[in-house]
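*Asks:* Dumping the structure here so I can ask a few things about it.
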Amino acid sequence: MSVNRLGYLVILTLCVLLLPGCAKKASEEIDFGTVKNSVYHNDYFGFNLNLPPEWSVQDEAMRQRLAEAGTKMLVGNDSRAKALLKASEQQSVNLLAAFKHPIGTPVTFNPNVICMAERLGGLSGVKTGKDYHFHARRQLQSAQMKIDIADELTQENLGGIDFDVMHGSIRVAGLTVHQKYYAAVMKNYALIFITSYLGADQQSALQNIVHSLAFNQPASGEQVVNARTPSKPK
């Protein structure tokens, strides 16, 4: 399996809490968001995110297929971990997955940005991104695949909101893929952005994307991608 595909499959499974049984299901009120003129807009959280016009945005069906493959890779045959990740799907929503190149492009690594939201529900102790990362770190440390997580968190202000940032890396096919996991708590959700890259140039491009985040923004135009509201879980 190529490094760009393997790295993507892994990062889609990184933002799950260890206590899914305590959280409510993802509400039908949250929307997947839309993309128009290279601007991703999410009405529920009220933000816009600017994407480079040449980047490839994945639709919901592709995000779901790759997330399922990533879950299988991350937990292997661990039945308990499988059950936890399956339960987490009931309160997690994959909002956006954007890549520098279309999936399958023959490149060494395909830098990308992922946006997710996880319903906190009864997890009243999770007040900040730092609290969320505490649980995410434990999940990563129990995964079958080895992921190195830095001890210290940092903080970055995105669109006027302070996001706590967890730094990680993973060895894939002889390369070190670096990752940054941004998290902030709002509207009883953890809003998460994940960037994945190899070197400084890729990191700089991803920094420009996440720092374009602007809250309390109207939609930029007609719905063209991901324009479906999630159905209410059964």
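The values are calculated or read from the model by the stated rules, or taken from the named source; none is laboratory data. Predicted, not measured: the structure shown is a model, and the values here were computed from it. FYI the Cβ positions are ideal-geometry reconstructions off the backbone, even for glycines, and counts take in every protein chain you see.
*Asks:* Quick one: would you say Ala173 is crowded, with 16+ Cβ neighbours inside 10 Å and closer than 20 Å to Leu140 by Cα? Walk me through how you get there before you give the answer.
*Replies:* Numbers: crowded, with 16+ Cβ neighbours inside 10 Å: no; closer than 20 Å to Leu140 by Cα: yes.
Here the answer is no, as Ala173 does not meet what is asked.
*Asks:* Additional query: Say we look at the range 94-117 and pick out the residues that are of a type in the set (S, T, N, Q) and modelled with pLDDT of 85 or more; which of these is nearest to Ser196 (Cα to Cα)?
*Replies:* Kept after step one, since they are of a type in the set (S, T, N, Q), are these residues of the range 94-117: 94, 105, 108, 110, 112.
Now narrow it down to the ones that are modelled with pLDDT of 85 or more: 105, 108, 110, 112.
Working: Thr105: 16, Thr108: 13, Asn110: 8, Asn112: 6 Å.
Here the answer is Asn112.
*Asks:* Take Gln91 and tell me if it is more than 29 Å from Ala205 (Cβ to Cβ) and either at pLDDT 90 or above or within 14 Å of the chain's Cα centre (by Cα) (or both). Talk me through it step by step, then tell me what you get.
*Replies:* Numbers: more than 29 Å from Ala205 (Cβ to Cβ): yes; either at pLDDT 90 or above or within 14 Å of the chain's Cα centre (by Cα) (or both): yes.
Yes.
*Asks:* Within the range 177-190, which residues are surrounded by fewer than 19 Cβ atoms within 10 Å (Cβ to Cβ) and either among the charged types (D, E, K, R) or in contact with a Cys (Cβ under 9 Å, 6 or more places away or on another chain) (or both)?
*Replies:* Passing the criteria: only Lys187.
*Asks:* Could you tell me how many of the residues in the range 138-160 are among the polar types (S, T, N, Q), at pLDDT 95 or above and surrounded by 15 or more Cβ atoms within 10 Å (Cβ to Cβ)?
*Replies:* Step one: of the range 138-160, the residues among the polar types (S, T, N, Q) are 139, 141-142, 144, 154-155, 157.
Keeping just the survivors that are at pLDDT 95 or above gives 154-155, 157.
Imposing the further condition that a residue be surrounded by 15 or more Cβ atoms within 10 Å (Cβ to Cβ) reduces the set to none.
Going through the range 138-160 one residue at a time, the tally reaches 0.
*Asks:* Cβ contacts < 6 Å: first residue within 16 Å of Asn208 (Cα to Cα) and assigned to a strand (DSSP E or B), restricted to the range 158-172; second residue aromatic (Phe, Trp, Tyr) and at pLDDT 95 or above, any location; separation 6+ or different chain. Result?
*Replies:* Correct list of pairs: Phe163/Tyr182; Val165/Tyr182.
*Asks:* Checking the condition in contact with a Phe, Trp or Tyr (Cβ under 8 Å, 6 or more places away or on another chain), under 21 Å from Asn94 (Cα atoms) and surrounded by fewer than 16 Cβ atoms within 10 Å (Cβ to Cβ), which residue from Phe193, Phe215, Phe163 passes? If you could, list the steps in order and put the result at the bottom.
*Replies:* Details: Phe193 fails: surrounded by fewer than 16 Cβ atoms within 10 Å (Cβ to Cβ); Phe163 fails: surrounded by fewer than 16 Cβ atoms within 10 Å (Cβ to Cβ).
After ruling out the rest, the residue left standing is Phe215.
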